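What follows is a set of notes on a single structure, which appears directly below.
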Amino acid sequence: MLCISSKRTERIVWTPYLREYISNGYAEHPDLYTDDFRVLDELRNDCIYMETNQKALNRLIKYYAQLVFISAKFPIDVGIEFPWYLTFGEGQKPGAVYSQLGNAENRSTTEGIKKACNYFQHAAGCFQLLLDTVVPEMRIAPTIDMSPYALQTLINLMLAQAQECVWQKAAMDQLRDGTIARLALKIAEFYDAACELASNSSISNVYPKPWLIHMHIKALHFNAAAQFRKSCECISQDKYGEEVARLQIASEFVKRAFELKQTKAAIAPSVMNDLRGLQHIISTNLARAEKDNDVIYLESIPLPAALPAILKTQMVKAQAPTEIADPVSLMHDKDLPHPVLGLPLFQKLVPFAVHQAASVYVDRKERLIKEDIIHKLDELNSVYHSSIESLHLPALLATTETSAGLPESIMQQAAEVRSGGGSQALYDMWELVQRASAKNADILEDAFNALDEEHEADEALRSRYTTEWQRPESHILTQQLAAQGQKHRQTLTSAQKADLIVRNKLDTWANIIDVLCLTREELENSIPSSEGSSPSDSLMRIKRLVEDMDANMRLRKDLADQAKKASNADDISPALLKKAAELTAKSPIVKIEAAQFEDLFVDELRKYDTFIMTVDQQDEQQSTILRQLNEAYHQYKARMNDQSSGAKREKALQNLNQAYFKYKEIKTNLTEGLKFYGDHAKGLNTFCDTCRDYCYRRQSESEQIVRKLSLGMDNLSLQDQENHAPQQSNWSRW
């Protein structure tokens, strides 16, 4: 029989990775789990070099059980990498060890047969567990030896060998021939399935050829054995013609099995000895049956298709032992440690699911604070500022502060613009933006040029070699790259259009921005003075409404600070632990998802309803005040004389105030432009490198193809010379 070799690995320690994760992700000190780290590392290292005995298997099962348990405590990826090496016919270690134990049992005794049968069924169960549970949960594609075809091959192979043990026991106990035939036919079916699965092209290199031939021979062997046993039953039922037919079929199966042996694959001597023994008894019985029927019974021999089908009897199934199928329940079943599995490690560590739920709540809470409170307050502030700017209220109020000189707010704005370099600094930034834009355009052009050059080279070789140039055309392979390039080009074009808008804005406002760069005396002389102007009732009303809004702005800042403070102090860990305890009351490894904490999240987030209601009240108050401001402003404008010196002064101050905000706006636009081109350059460089890598691979491929084609042409030339060489006469040889 065949056994599965264990997957080879290297010595790896869990400790540093789990310590780091506990330090970063849990509110506990990793030193509390020093013994747990040590035990887990010892269990893992014990599994590297294993003997084939029950003690080694128990250590392996214990390690597996601990992994299942801690999977509820830690995420799948804690940064550790496990090296595994492919070998033919392999699977996960528990299944492999069970197959080795089954193969090592002495099957010449009843007890040995029973043990071997159980081991093979456990092996099949382990591989079935991998197929149904482990592989679907993997975040990366499984290795080829863990693919569905490979695992199904092992499942059927182990079931075939387990069923073979049952068949052997039935033969030893001399059960009825019909019963043994049904058992044998099921064995053949298992081997047939295993052989067919192992021959699939997707796993053609996993199992060595001797394995495939072994399984094929076994399938033929037990097909023959089933027909032989059924022929023996025919004798007791006086079906002499059917007996001959079944023996002929059995003989044909054996013949096909011996034909497979003619390959150079190494087949176990015991397999061939069993086959020879079966061949001998079949040929002996066939000769006797044919003679008896020809001389005595004279029954017609039915065609194979006319024979009644032999029913199959399956006595085995893939069943992983409870220690593997449900290890956590066994570890928690009693107060005392389980004799094989022991007590679970990291029992006191808070389940990872609770930390996941806490993270979900924090994200939900921060999103609520940001979007429903802070962002809405910022929007209200922005609407207010844009509204008063559109009415030129800052400059208007500044004119009432003094009829001569300049308002302090204008002087502060002028100082900021002056220290920032005025319009010249903006023009310098504009040049930097243009250089960055041109650099990005050059990178993109280099990428397209590389693709074009590769395409031209490919077409030239295709024209040269015509039909001999058998490889995909460049324009087909570069469709995705071309599409990516076009997206980059569209992005760059849109950015350049936006740059022109900023440049036009700069050209429009450059002169008045530079006015803000004048000295205080020069700036004061450029502004008309106001003579004899006095605030009207409308202006006083505007001042009062603005003061009300200033108070609201301070309240909003306090509200945002209070919301952030409440969020920072908001810890629902006790509530989460209580909820998690309720969810895991029946099983400590039950899968907990964020959706199960949804009701708790809703209840806890209600503590922020007061803040949200205050934001809504601020929205309503601001709408009322802005409406009143708009009314007061238009009343004021209606009473002003457009030709008065006060109106001219107001207009000049409004222009300076607006120029300051345009300066800030243009500077922000240019800063964002520089950042955009810097970020875009990274993506363009990656795209360009991808294009160059593609071109390099295609060039290397072209060179290899050209060398092969040139070599072929040289061989043809030599052959042609030989064909035209003078032929020596052969008459003297005869």
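The values are calculated or read from the model by the stated rules, or taken from the named source; none is laboratory data. Since the structure is predicted, the reported quantities are computational estimates derived from the model, not experimental observations. Note: ideal-geometry Cβ built from the backbone for every residue, glycine included; neighbour counts use all protein chains shown.
Of all residue pairs spaced 6 or more apart or on separate chains, those with beta-carbon atoms under 6 Å, a first member in the range 153-182 that is touching a residue at least 24 places away in the same chain (Cβ under 8 Å) and a second member that is surrounded by fewer than 24 Cβ atoms within 10 Å (Cβ to Cβ) and β-branched (Val, Ile, Thr) are 159/316; 162/316; 163/316; 165/113; 168/113; 169/113; 181/310; 182/313. Listed by first and then second residue, the pairs with beta-carbon distance under 6 Å, at least 6 apart or on different chains, first residue in the range 18-29 and of a type outside the set (Gly, Ala, Ser), second surrounded by 13 or more Cβ atoms within 10 Å (Cβ to Cβ) and at pLDDT 80 or above, are 19/30; 22/30.
Any residue in the range 316-329 that is within 30 Å of residue 73 (Cβ to Cβ), surrounded by fewer than 17 Cβ atoms within 10 Å (Cβ to Cβ) and without any contact (Cβ under 8 Å) to a residue 24 or more places away in the chain? Taking every residue of the range 316-329 in turn, at least one turns out to be within 30 Å of residue 73 (Cβ to Cβ), surrounded by fewer than 17 Cβ atoms within 10 Å (Cβ to Cβ) and without any contact (Cβ under 8 Å) to a residue 24 or more places away in the chain. Counting only helices (runs of 4 or more DSSP H) that sit wholly inside the range 306-389, those with at least 3 residues that are more than 30 Å from residue 38 (Cβ to Cβ) are 352-367. Exactly one of (1) within 30 Å of the chain's Cα centre (by Cα); (2) surrounded by fewer than 16 Cβ atoms within 10 Å (Cβ to Cβ); (3) modelled with pLDDT of 85 or more is unmet by residue 347. Its number? Against the list (1) within 30 Å of the chain's Cα centre (by Cα); (2) surrounded by fewer than 16 Cβ atoms within 10 Å (Cβ to Cβ); (3) modelled with pLDDT of 85 or more, residue 347 comes up short only on (3). Taken over the range 190-213, residues that are of a type outside the set (Asp, Glu), buried (at least 19 other Cβ atoms within 10 Å of the Cβ) and not in a loop (DSSP other than H, G, I, E, B) amount to 11. Considering 293, 285, the condition of being modelled with pLDDT of 95 or more, closer than 30 Å to residue 241 by Cα and either in contact with a Lys or Arg (Cβ under 7 Å, 6 or more places away or on another chain) or not in a loop (DSSP other than H, G, I, E, B) (or both) is satisfied by 285 alone.
There is at least one residue in the range 401-417 that is among the acidic types (Asp, Glu), modelled with pLDDT under 85, assigned to a helix (DSSP H, G or I) and out of contact with any Leu (no Cβ under 7 Å at 6 or more places or on another chain). Scanning the range 462-510 for residues that are at pLDDT below 90, among the polar types (S, T, N, Q) and part of a helix (DSSP H, G or I) returns 466, 467, 474. Taking the listed residues 457, 447, the one that is within 39 Å of the chain's Cα centre (by Cα), over 21 Å from residue 677 (Cβ atoms) and in a helix (DSSP H, G or I) is 457, with no other qualifying. A count restricted to the range 177-208 and to residues that are over 20 Å from residue 114 (Cα atoms) and among the basic types (Lys, Arg) stands at 0. Pairing residues of the range 269-295 that are under 18 Å from residue 184 (Cβ atoms) and in contact (Cβ under 8 Å) with a residue 40 or more places away in the chain with residues that are assigned to a helix (DSSP H, G or I) and β-branched (Val, Ile, Thr), at Cβ distances under 7 Å and at least 6 apart in sequence or on separate chains, gives 271/217; 275/217; 275/254; 278/254; 282/254. Evaluate the range 224-238: report whether one residue or more is under 15 Å from residue 314 (Cα atoms) and either assigned by TED's automatic domain parsing to the domain that holds residue 94 or outside any loop (DSSP other than H, G, I, E, B) (or both). Scanning the range 224-238, I find at least one residue that is under 15 Å from residue 314 (Cα atoms) and either assigned by TED's automatic domain parsing to the domain that holds residue 94 or outside any loop (DSSP other than H, G, I, E, B) (or both), so the answer is yes.
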